[in-house]
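Notes follow once the structure below has been shown.
The values are calculated or read from the model by the stated rules, or taken from the named source; none is laboratory data. Every value quoted in this text rests on a predicted model; they were computed, and no experiment measured them. Counting neighbours? That spans all protein chains shown, and the Cβs are built from the backbone with ideal geometry, glycine included. The protein model used for the area step is the full one, side chains on, heavy atoms only, and it has no ligands, DNA or RNA in it. Shrake-Rupley method; radii C 1.70, N 1.55, O 1.52, S 1.80 Å.
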Amino acid sequence: MLITDVDVLSASGKLQSGMNVAVNDGRFCYIGKQIPDGDWGERINGSSLVMIPGFVNAHTHIPMVLMRGYGDDMPLDKWLYDRIFPVEDKLTGDDVYWGSMLGIAEMIACGITSFSDMYYYCANISKAVLESGIKANIGRGISCFDDTKRFADLPAHDELVELVNVYKNLGDGRILIDAAPHSEYTTRPDILSDVAEFADMHKLRVQVHLSETRKEHLECTGRHGKTPASVLRDSGIFDLPVTAAHCVWLTDLDIEMMSGYDVTIAHCPQSNLKLASGIAQVEKMRRAGLKIALGTDSAASNNNLDMFEEMRTAALLAKGVSLNPCAMPACEALFMATRAGALAQGRHDSGDIKQGYLADFVLLDKHRPEMVPCHDILSNVVYAAGAASVKMTVVNGRILYRDGNYLTIDIERAIYETKRCVRLLM
Ligand SMILES: [Zn+2]
């Protein structure tokens, strides 16, 4: 396709006005002032549009849209044990498939082109990813509460092996498989070491929850005499590329130590606020050189999957807690929501608008009320835009969503089936 006369906003917030962007074979093949020769297929007049890189949701549990709004304003333990776990005990692959499809639909409509997920029934999640056209790094959550079992004895091990053998790189590389030890407090150091060895052998990246709550942090220190971050390091997890979700309770020493490894923090400000987990010290982490991406966490604790909201919350929180309105400027928030997430997923040729990169992008409507006037497009995108501003979402050069319509998802059916699953589950 060829998009003419469009404003292009890079992941780092640099604006190029009146550009012509050609996409061929799933990649940006020309970005410039000239209209390139050739038959580009569909031609889109971009004069009222701004192109931004697609958002990367760096931490979620997509099937948990089934539990959206099922238990809010409750203490964390009560929420988990009385509401979430009993439902999860009953989940079937069919539930997970339809919950994933609905969650993907929600994400596509607000400009998300890729997400990192940790859950189970991952074959069903993968199926929804393949059919919908979105990208995902899929991790089978690994936890172990039986002291007699090693990693290789766990169902999660067998599911991960199947994912690696069958699903890795499917859909032209849209599906990547990650190793996903749930956390320090739901595993043991020897399980973490085995997972690290497995991930190293199969060249997988790692997703993990880290220091989300004070309780987790204190109990780990009591159990092991060291912080959760130290446990992950000593188990070899940090020897791999890692996306660590939350990191609310990292110590200064943790931050310093982690900056020496290939770790990206998946900052989830809305979930942390809603569950009253605390506020991650993002400015401190950034100054220490840690990489930071953004995640919504699940719809059970957010309660939506909207990266516009997450980006804005991250920027506002950083300013509010530091009493510094210059903290986390718009350009940094946009980078965290896009390119930083793609890099954390190991998708080095995605997450920005550059010639040769995969064409994962979003077109926003500059004529929407919330986008007018336009003193600064970057400011409008980060501080004013929302899902309603999204005109089109494109992944690998394929249009998935346009003018409110889904091109790859039967949305009526996804809503109907999700409601049916929820009725049976609850
Ligand atoms: Zn999570």
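Key figures
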quantity: Residue-wise HN-Hα coupling along the range 14-27, computed from phi with Karplus coefficients 6.51, -1.76, 1.60 (Hz; x: Gly, Pro); calculated: 7, 9, 10, 8, x, 8, 10, 10, 10, 10, 9, 6, x, 10
quantity: Gained length - Gln16 relative to Ile415, 0.36 nm times residue gap less alpha-carbon distance; calculated: 139.8 nm
quantity: Förster radius 51 Å - calculated FRET efficiency between Ala384 and Arg150 (Cβ-Cβ, nearest 0.05); calculated: 0.50
quantity: Inter-site label distance for Gln355 and Ser48 at 7 Å from Cα along Cβ, in nm; calculated: 3.1 nm
quantity: Distance violations [Cα-Cα > 32 Å] among Lys127/Lys284; Lys226/Lys274; Lys90/Lys135; Lys127/Lys291; calculated: Lys127/Lys284
quantity: Selection from Asn272, Ala315, Asn304 lying farthest towards where the dipole of the range 259-322 points positive, charges on Cβ; calculated: Ala315
quantity: Solvent-accessible ranking of Cys326, Cys421, Cys331, largest area first, probe 1.4 Å; calculated: Cys326, Cys331, Cys421
quantity: Added length on full extension, which subtracts the Cα-Cα distance from 0.36 nm per residue, Thr4 to Asp200; calculated: 66.1 nm
quantity: Under Karplus coefficients 6.51, -1.76 and 1.60, residue-wise ³J(HN,Hα) of the range 139-145 in Hz, glycine/proline x; calculated: x, 7, x, 10, 9, 8, 10
quantity: The chain - mean residue ellipticity at 222 nm from DSSP helices (-39,500 (n - 2.57) per run, n ≥ 4, rounded to 500); calculated: -10000 deg cm²/dmol
quantity: Those lysines that a straight Cα-Cα span of less than 16 Å connects to Lys354, excepting residues fewer than 8 apart in one chain; calculated: Lys14, Lys33
quantity: Quarter of Cα convex hull surface for the range 130-230, i.e. mean projection, nm²; calculated: 7.1 nm²
quantity: Surface accessible to a 1.4 Å probe, Val87 within the full protein complex, Å²; calculated: 10 Å²
quantity: 17 Å tail of the calculated P(r), the range 300-426, as % of Cα pairs; calculated: 69 percent
quantity: Distance (nanometres) between label positions extended 7 Å along Cα→Cβ at Arg402 and Ile35; calculated: 1.9 nm
quantity: Interchain or long-range residues, amide H under 5 Å from His209's placed H; calculated: Ser183, Ala245
quantity: Straight-distance crosslink candidates among aspartates and glutamates, where the alpha carbon sits under 15 Å from Lys319 and sequence neighbours closer than 8 are dropped; calculated: Glu283, Glu310, Glu332
quantity: Highest average packing first - 19-31, 218-230, Cβ atoms within 10 Å; calculated: 19-31, 218-230
quantity: Largest to smallest accessible area among Lys284, Lys203, Lys319 [probe 1.4 Å]; calculated: Lys203, Lys284, Lys319
quantity: Sequence of Phe361, Phe145 when ordered by accessible area, the most exposed leading, probe 1.4 angstrom; calculated: Phe145, Phe361
